[in-house]
Amino acid sequence: MQANNETQVTGINAARLHQERGFPIDLTRLLAEEQGMSVDEHGFEIAQAEHVAMSKVIATNTHSTKGIFNMNGIESVTRDLRNVYTSIDSQEKDKNELQQFSNPYNALLGDAVVLGISCNIEHIEQKNKGTEEQHVVNNHSDGHVLVNELKPSMQGCSIAIALESTGYYMESGGQVDDVGTIVLHCGSGNGNQACIDIIGMKDVGGVVWHLGKLRSVSKDGMQCSNGKTSSSTISSSAIASTTATTATTATTATWHVNETKRNQISANHTATHLVNAALRSVVVTGNQDQIENREGNTNSEESCDQRGSLVDSEKVRFDFALHRGLTSNEIKLIEQQVNTWIEMDQTIHIGTVPLQDALHNVQGLRAVFGERYPDPVRLVSVGLPIEGIITSNDNTSNGTGTSNGTGTRSPLMDASLKSATSPSIELCGGTHVDQTSCISSFVICEEKGIAKGIRRILCISGDAALESKKKAINLMKRIEDAKGNEKNTKMNEVALRSVMFDIDANTSSLSYTSKLLLREEIEQCLRLIAENKKQLETNLKTFLEKEMKNKETTRIIHISSNEYGHVTPKKISKMMMKVLKKNKNVNEMMVLSDGICVAACGKGGGLNADDWIQAVLSSGCGGKGGGRNNLAQATGISDLELAYGAAVKYYDSEK
């Protein structure tokens, strides 16, 4: 900022220092004052608020609906919705029969009848504050209420929609909710529509709500009703406009799952299964005897049992049991093994089998400890068809060596996966790609401990993994370029530290092994630079001493940076004073090098260092400077030849 003659630290820069480097605003203000600068604290507050809001949006879109979506009142709305259907249907029906969901594994687009629409009353009141529109609210003071009309004034409001059926995947087994859009069609047939951006799902008392924001609605508004009753029936516990008309038929919806996000999530979920298998293949296989000696110990520290996962469109987070951290070589081998399976283009086979058959008769089966599975259960196999992995087991009748369905693992499930054609067989209800090649590429970015005996690895796949590899290649090229000029140590050091900064800034998107390699390369280069700088300083000092002994009439020396590296005024001044002190016969000297000029004079020499520098600057060589009688300097000199001539002229005239 000072290089650009800026006198104020902008709010954005102050916020970045706080967010990225942990600088509190008080420290930034103090440092700025020391440099004669001010801080835009109002801009800092605005930038911080925007950062917090964006963080909440990201958290909502990637994992949860908390923060951006106000869930207040949704429980009451769910009860109201159930009361509506109970009053219509004289027969007592199980609550789970209210909705019947489509297969979420293939369908990305479909139509469904709307059961109910809820909107945040706080947003509606804010939108209509000061207008003539009046809304009647029954049984709700704030939060969500059922509505029978959507209006343009409600755009941006939080919306929750219950459909009779849907193809959206709801968070389960570590896989996050689908996102997408829902378009509502008015039941009266007038063509009015509303579009909602769906950001998540929520199961409230057995009713699954699609959560989102109202993006747009027809300019005349849109009347809403459900598949069992008209809007007038619902309005007893909803917001009703005084000008509302009654829809005669049910409101329908066209739901559309975001295909790009779904595909990315599916690729990451399949990659999770491969990570699970590769982890055991690399870490456990070498210690198999030790593990087998601990029969019945499901918490074996060496078992690498899965302890949780998070699968979204951006990353894979996999937690597993291990008493130690993975070595860099193990991480490298795991990554290589997963990429090998990806390149083999194996088919993902998915089928539904009875739970007991899966637990007792599938060799090499992996199941999450503590997880309860439905019956029948969904089986996901990489490489082998489902019908080819069911084997007979004589112990199923008495439960010996089997699972009880609550996550206790049988010895069969501890079997090492040695077949290259079937690396992974798991119980899973998530979405997956058809072929491993669809994952494209895979890298492990981080490995760390999160609790005693629990480790976590963070991974990325697909385009993100390919981009990560490109970043690593570009960073290595920058390191090689920095090593190109061996003499310009200052430029090399700045370039290398810039690469190190970029590695730290991109730590969550770079391969773990690449980061190790890059950091080792940079540290080695910095060690060589330090050694080189020390040697250059020694050579320069020797050169100056030699020059002072050889020159009887002039004490003006030109130093080439190509020969002695980057020379700073501070470094050369210190060296010159040492030479003067060591050589009693030398009382003055001047050094010129790459835009700088430094003069040093002893007490008995008769020359004034500041006058000498001013004489050089007055020649029109460019630059500026000054100093004391014994030491002075100038920087920014553009014509060294002219400066040298002026220095010689002054020296000759004074001596």
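Quick one: count up the residues across the range 480-510 that are assigned to a helix (DSSP H, G or I), open to solvent by less than 30 Å² (accessible area, probe 1.4 Å) and more than 16 Å from ALA530 (Cβ to Cβ).
The total comes to 2.
State whether one or more residues within the range 599-617 are modelled with pLDDT of 80 or more, basic (Lys, Arg) and under 16 Å from LEU631 (Cβ atoms).
no
In the range 163-172, how many are surrounded by fewer than 24 Cβ atoms within 10 Å (Cβ to Cβ) and in a strand (DSSP E or B)?
1
Condition (residue is assigned to a loop (DSSP other than H, G, I, E, B), surrounded by 14 or more Cβ atoms within 10 Å (Cβ to Cβ), at negative phi and not β-branched (Val, Ile, Thr)) applied to the range 529-548: is it met by at least one residue?
The answer is no; no qualifying residue exists.
Using the structure shown, decide if LYS228 is at pLDDT below 90, among the basic types (Lys, Arg), more than 42 Å from the chain's Cα centre (by Cα) and open to solvent by 10 Å² or more (accessible area, probe 1.4 Å).
Here the answer is yes, as LYS228 does meet what is asked.
Among the residues of the range 553-562, is there at least one that is open to solvent by 30 Å² or more (accessible area, probe 1.4 Å) and farther than 23 Å from VAL648 by Cα?
yes
Within the range 14-51, track down each residue that is among the polar types (S, T, N, Q), open to solvent by 50 Å² or more (accessible area, probe 1.4 Å) and modelled with pLDDT under 85.
The answer is GLN19, GLN35.
Within the range 183-205, track down each residue that is open to solvent by less than 40 Å² (accessible area, probe 1.4 Å), closer than 19 Å to GLN99 by Cβ and in contact with a Leu (Cβ under 8 Å, 6 or more places away or on another chain).
Of everything in the range 183-205, those that are open to solvent by less than 40 Å² (accessible area, probe 1.4 Å), closer than 19 Å to GLN99 by Cβ and in contact with a Leu (Cβ under 8 Å, 6 or more places away or on another chain) turn out to be LEU184, ILE196, ILE198, GLY200, MET201.
Would you say ASP414 is modelled with pLDDT under 50 and acidic (Asp, Glu)?
Judged against the criteria, ASP414 is a match.
Test ARG409 against the criterion of being at pLDDT below 75 and within 25 Å of GLY174 (Cβ to Cβ), and give yes or no.
yes
Looking at (1) surrounded by fewer than 20 Cβ atoms within 10 Å (Cβ to Cβ); (2) touching a helix residue (DSSP H, G or I) at 6+ places or on another chain (Cβ under 9 Å); (3) at pLDDT below 85; (4) among the polar types (S, T, N, Q), can you tell me which one THR400 breaks?
Condition not satisfied by THR400: (2).
Looking at LYS219, is it open to solvent by less than 50 Å² (accessible area, probe 1.4 Å), charged (D, E, K, R) and more than 15 Å from LEU163 (Cβ to Cβ)?
Taking the combined requirement at face value, the residue does not satisfy it.
Can you name the condition, by its number, that GLY626 falls short on among (1) without any contact (Cβ under 8 Å) to a residue 24 or more places away in the chain; (2) open to solvent by less than 50 Å² (accessible area, probe 1.4 Å); (3) touching a Gly at 6+ places or on another chain (Cβ under 7 Å)?
(3)
Where residues in the range 173-182 are of a type in the set (Gly, Ala, Ser) and outside any strand (DSSP E or B), which of them is surrounded by the most Cβ atoms within 10 Å (Cβ to Cβ)?
Of everything passing the filter in the range 173-182, GLY174 is surrounded by the most Cβ atoms within 10 Å (Cβ to Cβ).
Hey, GLY565 hits all of (1) surrounded by fewer than 18 Cβ atoms within 10 Å (Cβ to Cβ); (2) at pLDDT below 80 but one; which does it fall short on?
Tallying (1) surrounded by fewer than 18 Cβ atoms within 10 Å (Cβ to Cβ); (2) at pLDDT below 80, GLY565 fails exactly one: (1).
Across the range 1-52, what is the number of residues that are in a helix (DSSP H, G or I) and not basic (Lys, Arg)?
Residues meeting the conditions: 30.
What number of residues within the range 470-510 are under 16 Å from the mean Cα position of the chain (by Cα) and among the basic types (Lys, Arg)?
1
Condition check: in a loop (DSSP other than H, G, I, E, B) and in contact with a strand residue (DSSP E or B) (Cβ under 8 Å, 6 or more places away or on another chain). Does ILE637 satisfy that?
yes
Return the only residue of LEU333, LEU379 being modelled with pLDDT of 90 or more and outside any helix (DSSP H, G or I).
LEU379
Show the residue pairs that are 6+ apart or on different chains and have beta-carbon atoms under 7 Å apart, the first residue being within the range 197-224 and closer than 12 Å to GLY156 by Cα, the second being part of a loop (DSSP other than H, G, I, E, B) and among the small types (Gly, Ala, Ser).
Final answer for the pair search is LYS213/GLY156; LEU214/GLY156.
Among the residues of the range 511-528, write down those that are charged (D, E, K, R) and surrounded by 17 or more Cβ atoms within 10 Å (Cβ to Cβ).
LYS515, GLU521
Please work out if ASP611 is surrounded by fewer than 18 Cβ atoms within 10 Å (Cβ to Cβ), of a type in the set (Asp, Glu) and more than 30 Å from ILE529 (Cβ to Cβ).
Spelling it out, ASP611 is indeed surrounded by fewer than 18 Cβ atoms within 10 Å (Cβ to Cβ), of a type in the set (Asp, Glu) and more than 30 Å from ILE529 (Cβ to Cβ).
Do we find a residue being modelled with pLDDT of 85 or more, buried (at least 19 other Cβ atoms within 10 Å of the Cβ) and closer than 16 Å to THR635 by Cα anywhere in the range 579-591?
yes
The values are calculated or read from the model by the stated rules, or taken from the named source; none is laboratory data. Just so you know, these numbers come straight off a predicted model, no measurement behind them. All Cβ positions, even for glycine, are placed from backbone atoms using ideal geometry, and neighbour counts span all protein chains on display. The accessibility values were calculated without ligands, DNA or RNA, using every heavy atom of the protein model including side chains. Shrake-Rupley method; radii C 1.70, N 1.55, O 1.52, S 1.80 Å.
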